[in-house]
Amino acid sequence: MPEGKVGQTIDNDNKLTNKYLSEINSILDKELFELVLVNKVNSLFSSVYKFTEIVKSLFDLLEKTIDFQFASILITENDKVDLFLETPFNPKRELVQDIRQRTINTLPRSIQDSIDDDKVSVELFSKDKGIELEKDKFELGSFASIPVKVRSNCYLVLAIAHINKNIFGEQVVNILEILCRQAALVIDNAKLYRQVQEERNIVDAIVQSATEGILVTDSKDRIISLNIAAKRIFGIKEGMSELPQGIRDFVFTPLLKEFSQQNKNAMVKEIDLSVPAKMTLRIEMAPLRDISGEKFGVVTMIHDITKRKEIDRMKTEFVSTVSHELRTPLTTMKEFISIMLDGIPGPVNDEQRNYLQIVKNNITRLTRIINNLLDISKIEAGKVEFRKEKTSLAKIINQELPNFKTQAETKGINLEINIPVDLPDVFVDTDKMIQVFTNLVGNAVKFTPSDGTIKINVERRGDFIQSSVEDSGVGISKESLDKVFDKFTQLDRQPGTGEKGTGLGLTITRSIVLLHKGKIWVESEIGLGTKFIFTLPVYREELGYVEQLSNQIRYAHDSQKELHLFAVGCSELNSFCAKIGKNAKQVFNEIESSIRDIVQGKVSHMFHYRFKDDTEMCVVVIMDMNEQQIFKLKDAVKNSLLAFKQSLPEYKDMKIGFSKVSYPQDAIQAEELIDKAKNLLEIFV
Amino acid sequence: MVEIAKKKILIIDDEEELANSLDIRLKACGYEVNIANSGSVGLQKFKEVIPDLILLDVMMPDMDGIETLKRIREIDEKVPVIILTAYGTMKTALEAFSMNVVDHIAKPFDTKLLVEKIDSILKNK
C-alpha cells in the first residue's frame with residue numbers, strides 16, 4: 001500500500017479501488033484532485049434533479065472513493081428531516097439508531113434543537129449483500145461527518161462509519177468535505193432547477209393551451225418551441241416540431257430575416273398562404289430578451305384570420321352585390337311600367353293608368369326602403385367612408401331650404417329658420433348632413449298638421465354646435481319615445497299626405513350623428529309637438545388632422561406598412577414663458593421651426609396639435625422609413641432641439657419632451673396614437 | 001330628300017330585360033339601338049356599329065364594365081359613355097370617371113332623366 005497522500009492511518013484492510021488510487025496518486029496537486037472530484041460530482045448530477053437520484057449518486061460516489069461500512073446522508077429543510085442510510089450489511093436497530101443520532105448531532109446546536117424526533121424519516125439503502133456483521137460488533141468504531149449549509153434553513157450532512165476504530169484519516173475527511181460541499185451546491189441547484197422546471201411547465205402549459213399559434217426561435221433562428229395551435233395551423237403532426245420546408249424557406253425565414261436585420265421591436269404582417277390550405281395569417285413578432293436586455297430569440301404569434309377576412313370581404317361584397325341584385329329588377333320593372341304609362345305599346349285607359357301608377361309608386365317606395373337598408377348595412381358593417389370637410393351648417397341648410405320650403409308650403413305649414421350669422425364651422429360629410437336634415441324635416445312635415453309650425457334652430461353651445469328641428473305636431477308618447485331611433489319603428493300617425501316611411505330614417509340619422517362624434521336626442525309630448533336635437537363638435541384644425549391621420553393609417557394597413565409618429569412637447573410651457581416674458585405660442589413655433597428643417601422632405605407631414613387641456617404638441621408623421629433611418633432622424637431631431645435650447649441663455653430652464661409611437665404596435669386608432677404620443681413624452685433636454 | 005341619319009346608341013348591360021326596356025324607350029325617342037349582353041360582345045358590336053353614344057353597366061360578370069371601357073377607350077378616346085351604376089359601386093364609378101366618362105346615372109334611374117342626358121349629349125355632338 002503506497003503511503004503519502006492517502007494518509008498514515010490507513011489500515012491494511014482499507015481498500016480504495018485501484019482505479020481511483022492510481023488516479024489519486026498520479027495527481028500530485030491537491031487542488032487539481034479536488035477539482036476532479038468536483039467535476040465528477042457535477043457531471044454525475046448535471047442531468048439529474050430528482051432528490052433520491054442525487055442521494056443514490058452521492059452514495060455511489062462515496063463508495064467509489066472511500067471505504068466505509070455505513071454511510072448516511074441527512075437533509076433537513078425547515079423542520080423536515082430526511083435521513084438516508086447505506087450499508088452493504090443488514091444492520092441491527094441499535095446501530096442504525098447510533099448512526100442516526102451521531103449524524104444529527106453533527107448539525108449546529110440551534111438546528112438540532114428545532115428538530116422534532118418524530119419527524120425524522122429514515123430510509124435505508126441497504127445493498128444487503130447478505131453479509132452479516134460479526135455478531136458481537138454493534139458499536140461504531142469510526143465515525144466521520146461533515147455538515148454543510150445549503151441555504152437558509154437547509155442543511156446537508158454527509159457521514160461515514162466503520163466498526164473498526166481509527167479507520168478514517170485526514171485525507172478521507174477531506175474527500176468527504178469536498179463531496180459534501182459540492183453536493184450541497186448541486187442540491188441547491190437541483191431544487192432551483194426543480195423550481196425552474198415547475199415554472200417552465202406552467203409556462204409551457206399556458207403556451208400549449210393558447211388558441212393562437214406560438215413559435216419561439218433562438219438567436220440562430222432555430223425553432224425552440226412550436227405550440228399545438230401553431231402545429232394545427234401549419235398541418236404539422238403531433239410528434240414533429242419542424243415547419244414544413246416550403247413555409248419555412250419561403251415564408252418564415254424571410255420574415256425572421258427582415259425582423260432581425262431591421263432590428264425591430266415589433267413587426268406585424270398579414271400573409272396569404274395557399275398551403276396547407278388557403279388561409280390568411282396575421283404574424284406578430286417580438287424579441288425575447290433576458291434580464292440584461294440582450295436579445296436571445298424571437299417569439300412569433302400566429303393568428304389565423306382567414307375567417308375574419310372572409311367575413312370582411314363578404315360585408316363589402318354584400319353591399320355592392322346585393323344592391324346591384326336588388327336594384328336591377330327594380331329598374332326593369334320601373335322602366336316597363338313607364339313605357340306602358342307613356343303609351344308606347346298602345347294607349348291605356350284611365351283604369352289601367354291608375355293601376356299602373358300604383359305599381360310605379362310602390363316600386364319607388366321599395367327603392368327607398370332598399371336604399372335605407374343598404375345605408376344602415378354599410379354603417380353597421382363599418383364600410384361607410386365619410387368625406388369630411390370644414391363647412392358651415394348654415395350653408396348646408398340654406399342649400400336645402402328650397403326643398404324644405406316646398407314641402408312645408410304644400411301642407412300649409414309655417415317654416416322658421418334661426419341661424420346666427422357668426423356660426424362657427426363644423427367638420428362633416430356634407431351629403432350625410434343633408435341626409436340628416438332632410439330626414440328630420442321630412443318627419444316634422446309628416447307629423448304636423450296644416451297651419452302648424454316647424455322651426456329649425458342652430459346655435460353654438462360651448463364646444464358644440466347644437467341643431468334642432470321642432471314641430472307643433474302630434475307629438476310622441478312616452479312609451480314610444482325610447483324606441484323612436486330603433487329600426488323599423490314607425491309611430492302611429494294620422495293618415496295624410498306624404499310618402500309612407502321606411503322606419504329606418506331616424507336610425508340612419510342617429511348613426512350619422514354618432515359617427516361624427518355628436519349626440520342626438522328627442523323631446524316630445526303628445527299634443528304639444530316634437531323636438532329633435534343633435535350636436536356636432538365645433539370645427540378645430542385637430543379634427544382635420546385626426547381624419548387625415550386615420551386615412552393614412554388605413555393606407556398603411558392596406559399596404560402592410562408601418563406608420564410612425566414623432567411627438568415634441570414642452571413641459572409647463574405657459575409658466576416658463578410667463579417667467580421669461582415671452583409669448584408661449586411664439587416660443588412653440590420656434591421649437592417647431594427648429595425641427596421642420598430637419599424633417600422636411602423626409603417625412604410625410606407635420607402638424608401642430610392642441611389638446612383640450614391646452615397642451616401643445618408638434619407631431620411628425622413618418623411613413624416608408626426603415627428602423628435605421630428612423631433612428632437617425634430621431635437623433636437629428638433631438639440634436640436640433642438641444643441646439644435650439646442652447647441658442648438662447650434664457651431657454652436653459654426649458655423642458656422639451658420627445659416621444660415616438662408606431663402603428664400598429666402602440667395603437668390602432670388615430671386619436672389613440674396621438675394620445676399615446678402625448679403620454680409617452682419624455683423630457684430629454 | 002335626304003333622311004337624317006338616326007343617332008346610334010349601344011347598350012352594354014348583362015340584364016337582358018332592362019336592356020330591352022331601354023331599347024323600347026330609346027327607339028320611341030327616335031334613336032337606333034343596339035344591345036350587347038356582355039362586355040366582350042359589347043366590344044365586338046362597338047367595332048361593328050360605331051355608335052354615337054354608349055350606355056355601359058359597370059357591374060357585369062366576365063369582362064366587367066371597367067375592363068370593357070378600357071378596351072373601348074383603346075380604340076376610341078372620344079365616344080361619349082354614360083355608365084349605369086348601382087349603389088355600392090362608388091369606387092368603380094370613380095375609376096370609370098378617370099377614363100373619360102361623360103356622365104353617370106344610378107339604378108334604378110328616372111328614364112326621363114336618362115333620355116334628357118342622352119339628348120343633350122348627342123345634340124352637342
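In table form, for the structure just shown:
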read-out	value
Close pairs from the range A:632-644: first polar (S, T, N, Q), partner part of a helix (DSSP H, G or I), Cβ under 9 Å, at least 6 apart	A:Asn639/A:Ile598; A:Ser640/A:Ser594; A:Ser640/A:Ile595; A:Ser640/A:Asp597; A:Ser640/A:Ile598
Yes/no for A:Arg232 being open to solvent by 80 Å² or more (accessible area, probe 1.4 Å) and under 16 Å from A:Leu215 (Cβ atoms)	yes
Test result for A:Gly544, small (Gly, Ala, Ser), over 24 Å from A:Tyr609 (Cβ atoms) and surrounded by 15 or more Cβ atoms within 10 Å (Cβ to Cβ)	no
Which listed residue is farther than 29 Å from B:Pro108 by Cβ, away from chain B (no Cβ under 14 Å) and touching a Pro at 6+ places or on another chain (Cβ under 8 Å), from A:Val426, A:Val421	A:Val426
Count - residues of the range B:28-60 that are facing chain A (nearest Cβ under 9 Å) and free of Cβ contacts under 8 Å to residues at least 24 places away in the same chain	1
Residues of the range A:235-260 classified as surrounded by fewer than 17 Cβ atoms within 10 Å (Cβ to Cβ), over 25 Å from the mean Cα position of the chain (by Cα) and in a helix (DSSP H, G or I), total	5
Complete set of residues in the range A:129-149 that are modelled with pLDDT of 85 or more and either among the acidic types (Asp, Glu) or in contact with a helix residue (DSSP H, G or I) (Cβ under 7 Å, 6 or more places away or on another chain) (or both)	A:Phe143, A:Ala144, A:Ser145, A:Ile146, A:Val148
Failed criterion for A:Glu335 (all others in (1) over 19 Å from A:Leu366 (Cβ atoms); (2) surrounded by 13 or more Cβ atoms within 10 Å (Cβ to Cβ); (3) of a type in the set (Asp, Glu) hold)	(1)
Filtered residue count, the range A:331-354, keeping only those that are of a type in the set (S, T, N, Q) and under 60 Å from the mean Cα position of the chain (by Cα)	3
Residue in the range A:80-99 that is in the same structural domain as A:Leu185 (by TED's automatic domain parsing), under 59 Å from the mean Cα position of the chain (by Cα) and not in a strand (DSSP E or B) present	no
Pairs with Cβ under 7 Å, 6+ apart, first in the range A:611-629 and modelled with pLDDT under 85, second surrounded by fewer than 18 Cβ atoms within 10 Å (Cβ to Cβ)	A:Asp624/A:Lys561; A:Asn626/A:Gln262; A:Glu627/A:Gln262; A:Glu627/A:Asn263
Which listed residue is buried (at least 16 other Cβ atoms within 10 Å of the Cβ), modelled with pLDDT under 90 and closer than 25 Å to A:Gly518 by Cα, from A:Val484, A:Val436, A:Val426	A:Val484
Residue match in the range A:312-327 (condition: at pLDDT 90 or above, part of a helix (DSSP H, G or I), open to solvent by 80 Å² or more (accessible area, probe 1.4 Å) and of a type outside the set (Asp, Glu))	no
Residue match in the range B:73-91 (condition: among the hydroxyl-bearing types (Ser, Thr, Tyr) and away from chain A (no Cβ under 14 Å))	no
Residues of the range A:285-310 that turn out to be more than 23 Å from A:Phe234 (Cβ to Cβ) and open to solvent by 60 Å² or more (accessible area, probe 1.4 Å), as a count	7
Any hit, the range A:465-484, residues being under 47 Å from the mean Cα position of the chain (by Cα), more than 20 Å from A:Lys531 (Cα to Cα) and of a type in the set (Val, Ile, Thr)	no
The range A:318-349, residues that are of a type outside the set (A, V, I, L, M) and more than 9 Å from chain B (Cβ to nearest Cβ)	A:Gly343, A:Gly346, A:Pro347, A:Asn349
So A:Val207, is it open to solvent by 60 Å² or more (accessible area, probe 1.4 Å) and either farther than 24 Å from A:Gln112 by Cα or in contact with an Asp or Glu (Cβ under 8 Å, 6 or more places away or on another chain) (or both)	no
Residue check, A:Ile376 among the aliphatic types (A, V, I, L, M) and within 14 Å of chain B (Cβ to nearest Cβ)	yes
Residue among A:Thr300, A:Thr211 that alone is polar (S, T, N, Q), part of a loop (DSSP other than H, G, I, E, B) and modelled with pLDDT of 85 or more	A:Thr211
Selection from the range A:645-668 of residues that are without any contact (Cβ under 8 Å) to a residue 60 or more places away in the chain and within 23 Å of A:Val268 (Cβ to Cβ)	A:Asp666, A:Ala667
Lone unmet requirement of (1) open to solvent by less than 70 Å² (accessible area, probe 1.4 Å); (2) within 30 Å of A:Leu504 (Cβ to Cβ); (3) more than 14 Å from chain B (Cβ to nearest Cβ) for A:Ala277	(2)
Residues that are open to solvent by less than 20 Å² (accessible area, probe 1.4 Å) and in contact (Cβ under 8 Å) with a residue 60 or more places away in the chain, drawn from the range A:69-82	A:Phe70, A:Ala71, A:Ser72, A:Ile73, A:Leu74, A:Ile75, A:Thr76
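Here's the yes/no breakdown for (1) open to solvent by less than 40 Å² (accessible area, probe 1.4 Å); (2) in a strand (DSSP E or B); (3) modelled with pLDDT of 90 or more:
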| position | (1), (2), (3) |
| --- | --- |
| A:Trp521 | no, yes, yes |
| A:Gly527 | no, no, no |
| A:Phe532 | yes, yes, yes |
| A:Asn551 | no, no, no |
| A:Arg554 | no, no, no |
| A:His557 | no, no, no |
| A:Lys561 | no, no, no |
| A:His564 | yes, yes, yes |
| A:Ser575 | no, no, no |
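The values are calculated or read from the model by the stated rules, or taken from the named source; none is laboratory data. Given the structure is predicted, the values throughout are model-derived calculations rather than measurements. Note that each Cβ is placed from the backbone with ideal geometry, even for glycine, and that neighbours are counted across all protein chains shown. Accessible surface areas use protein heavy atoms only, side chains included; no ligands, DNA or RNA. Shrake-Rupley method; radii C 1.70, N 1.55, O 1.52, S 1.80 Å.
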